[in-house]
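Trainee: One structure, as C-alpha cells, below. Some questions next.
The values are calculated or read from the model by the stated rules, or taken from the named source; none is laboratory data. Values in this document were obtained by computation on a predicted structure and should not be read as measured data. Cβ sites come from the backbone with ideal geometry, for glycine too, and all protein chains shown count toward neighbours. Note: areas computed on protein heavy atoms with side chains; ligands, DNA, RNA excluded. Shrake-Rupley method; radii C 1.70, N 1.55, O 1.52, S 1.80 Å.
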Amino acid sequence: MSKTLRIGMIGYRFMGKAHSNAWRQVNRFFPDLPAKVELDTICGRNATAVESARETLGWGRAVTDWREVVNDPSIDVIDINTPNDTHCEIAVAAARAGKAILCEKPLARTVGEAKQMVDAVRKAKVVNMICHNYRRIPAVALAKQMIENGELGDRIYHFRARYAQEWLANPDFPLVWRLQKNIAGSGTHGDIDAHIIDLGRYLVGELKEVCGMMETFTKTRPLAEPGVMPPQPTADGRTGKVTVDDAVSWIGRFKNGALANLEATRFAWGRKNNITFEINGSAGSLFFDFEDMNRLKFFNAKEEQHRRGFTDILVTDRMKHPYVGNWWPPGHILGYEHTFVHTIADFVRAVAAGRSTHPTFADGLRNEQVLAAVEASADSRAWVRVK
Ligand code: SOE
C-alpha cells in the first residue's frame, strides 16, 4: 500500500490553480508513484475567495492563516504559491515543522532571504524543490539529455534566451504586487528572467560573471482595487510609483566558457508568454520556442555538409522522450499545465524517497545570486562576478 501525502497549499490564484490541477492529476497519469496525494487544505487571506477556490479546485478544507496549515501535524507537504514577500517566512516555518516544501519561483526577494530558506531546509533535513516548471517541458528535458549525451559536442559556445510578455505594455495596467519592490523583490527580472536564468544553469552550467542593464518604462500606474481580478484601477484615480524593472537585458560568461545573452520583458506587444532559447555547441545547435512547446529543433554538424539542416523533432515519442509516455500516443501534444504535473510527479517521488530532486532551494539561491549580480551590474554599469 503506497504512502499518502497530505498537501497544504498556500495561495490559490494562477499558480494555485496550476498546482491544484497537477496535484489532482498526478496519481492518475503517474500511477507508479510511490505515494498517493490528498488535496487536504488550501489557504488564502480572503475567506470568501479561498472557500470558492476550495470548491472549484477540489480541496478538502479552506483556511485563512498559513500558520494553521504549517503547524497541522496531519499535513506532510507545504506548497507555497504566495507573493514573493512571504516565501521566506512560510518556508522557514514549514521546514521547522518538518514539512517537505515546494515553493514557486523566485525563491525569495533577495539572496539573504534565499539563504535563510536554504539553511532552514538543510537544518531540518526536509525535501525541498523550487517550481521551475519549464525544466520539465519534454522538449527541454530532451535538450538536457542530448547535451549530456554530447550531441552538441564537448564545448558549448552560446546560450541565448528571451522571455517576452506583453501584459504590462499598457501603461494603464494597475500597480499590482509584481510592480512593487517591497513585495516582489524585483520586476520582470525575478519574475521571468529567473526562468531563463534557471534554464541556462540547468542546460549549460553555472555563471561566472555578468553585465546587464535594466529599464522601467512606465514609472507610475493607477493603484489597483484590492482583491479584484482581473486587476482594476481604484475609482478615485490615485496613482503609485513603480519600484521595479520593466525589462532587463544582460550578457555573461559561464564557468565553462560559454557566452550568455538573455533578455526579459513584459512590454513586448504580441508576445503572450514567449520563451525561446538557442544553444550552440561544437557539434551542433538546439533551438526551442515555448509557443511551439512540443518541438525541439536540432542541427547536427556531424552530418554531411550538403545534407545538414535543422531537424524538427516532435517530442511525443512514448518510449524515447521524457514524460510523454504518461499521456497520449505520438503526435497528441501536451500543454503548459502538463509541465506542473511532471514537476509534481518528480517532487512526490523525491518526498517518498526522502531525497530532494532538481531544482532544489539551493538552485533557487544560485538563481537569486545571478539575479543579484545582474542588478548590481545594471546599477554600477560594470561587470560583476556571481558570488
Ligand atoms: C507572470 O509573468 C507569470 O505568471 C510568471 O509569474 C510565471 O512564472 C510564468 O510561467 C507565466 O507568467
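Trainee: Take the residue pairs Lys105/Lys387; Lys99/Lys123; Lys123/Lys255; Lys123/Lys208 and return only those whose Cα atoms are more than 24 Å apart. Walk me through the numbers on the way to the answer.
Mentor: Numbers: Lys105/Lys387 20 Å; Lys99/Lys123 12 Å; Lys123/Lys255 29 Å; Lys123/Lys208 28 Å.
Violating the 24 Å Cα-Cα cut-off are Lys123/Lys255; Lys123/Lys208.
Trainee: Which is the longest stretch in the chain that no exposed loop site breaks, taking sites as GluC sites (Glu not before Pro) with a DSSP loop state and at most 15 other Cβ atoms within 10 Å? Before the final figure, lay out each step's value.
Mentor: Working: sites that count: Glu206, Glu303, Glu304.
Excluding the exposed sites themselves, the longest stretch runs over 1-205.
Trainee: Follow-up. Please give the Cα centre distance for the stretch 236-310 versus the stretch 334-387, rounded to the nearest Å.
Mentor: 17
Trainee: Short version: ³J(HN,Hα) in whole Hz for each residue of the stretch 154-160, in order, from phi by Karplus 6.51 cos²θ - 1.76 cosθ + 1.60 (θ = phi - 60°), x for Gly and Pro, what are they?
Mentor: 8, 9, 9, 9, 9, 10, 10
Trainee: Loop-only trypsin sites (Lys or Arg not before Pro) in the stretch 127-161, please: DSSP not H, G, I, E or B, and at most 13 other Cβ atoms within 10 Å.
Mentor: When the trypsin sites (Lys or Arg not before Pro) of the stretch 127-161 are filtered for loop state and at most 13 Cβ neighbours within 10 Å, Arg155 remain.
Trainee: Moving to a separate point now. Tell me which residues come under 5 Å, amide H to amide H, from Ala301 once H is placed; ignore anything under 5 positions away on its chain.
Mentor: For Ala301, the qualifying residues are Gly284, Ser285.
Trainee: Excluding residues fewer than 8 places away in the same chain, name every one of the lysines whose C-alpha is closer than 25 Å to that of Lys320.
Mentor: Cα-Cα hits under 25 Å: Lys144, Lys297, Lys302.
Trainee: As a test, work out the antiparallel percent of DSSP beta bridges whose residues both lie in the chain, rounded to the nearest 5.
Mentor: The antiparallel fraction comes to roughly 60 percent.
Trainee: Which far-off residues, 5 or more places away or on another chain, put their amide H under 5 Å from the one on Lys36, with H placed in the peptide plane?
Mentor: Lys3, Thr4, Leu5
Trainee: Apply the a/c threshold of 1.5 to the C-alpha gyration tensor of the chain and tell me whether it is rounded, prolate or oblate.
Mentor: Oblate, since a/c reaches 1.5 and b/c is not below a/b.
Trainee: Would you mind getting the accessible area per residue of the stretch 3-134, heavy atoms of the protein chains only, 1.4 Å probe, in Å²?
Mentor: 41
Trainee: HN-Hα J couplings of the stretch 112-128 from phi, Karplus 6.51/-1.76/1.60, θ = phi - 60°, integer Hz, Gly and Pro as x?
Mentor: So the J values, rounded to whole Hz, are x, 5, 4, 5, 4, 6, 5, 4, 5, 6, 5, 5, 7, 6, 9, 5, 9.
Trainee: Next question, about the same structure. Could you give each residue of the stretch 286-303 its phi-based ³J(HN,Hα) in whole Hz, using Karplus coefficients 6.51, -1.76, 1.60 with θ = phi - 60°, and x for Gly or Pro?
Mentor: Whole-Hz 3J(HN,Hα) from phi for the stretch 286-303: 10, 9, 9, 9, 4, 5, 9, 5, 8, 10, 9, 8, 10, 10, 9, 6, 7, 5.
Trainee: Out of residues 5 or more away from Tyr323 or on other chains, whose amide H comes under 5 Å of its own, with H placed 1.01 Å from N in the peptide plane?
Mentor: Close amide H contacts, sequence-distant or interchain: none at all.
Trainee: How about the stretch 222-290: which trypsin sites (Lys or Arg not before Pro) there are in a DSSP loop, with at most 14 other Cβ atoms within 10 Å of their Cβ?
Mentor: Arg238, Lys255, Lys272
Trainee: On average, how much accessible surface per residue is there in the stretch 281-327, in Å², for a 1.4 Å probe, leaving out ligands, DNA and RNA?
Mentor: 56
Trainee: Within the accessible area of the chain, what % is carbon and sulfur when the probe is 1.4 Å and the other protein chains stay in place?
Mentor: Working: 8570 of 17080 Å².
Ligands and nucleic acids excluded, carbon and sulfur give 50 percent.
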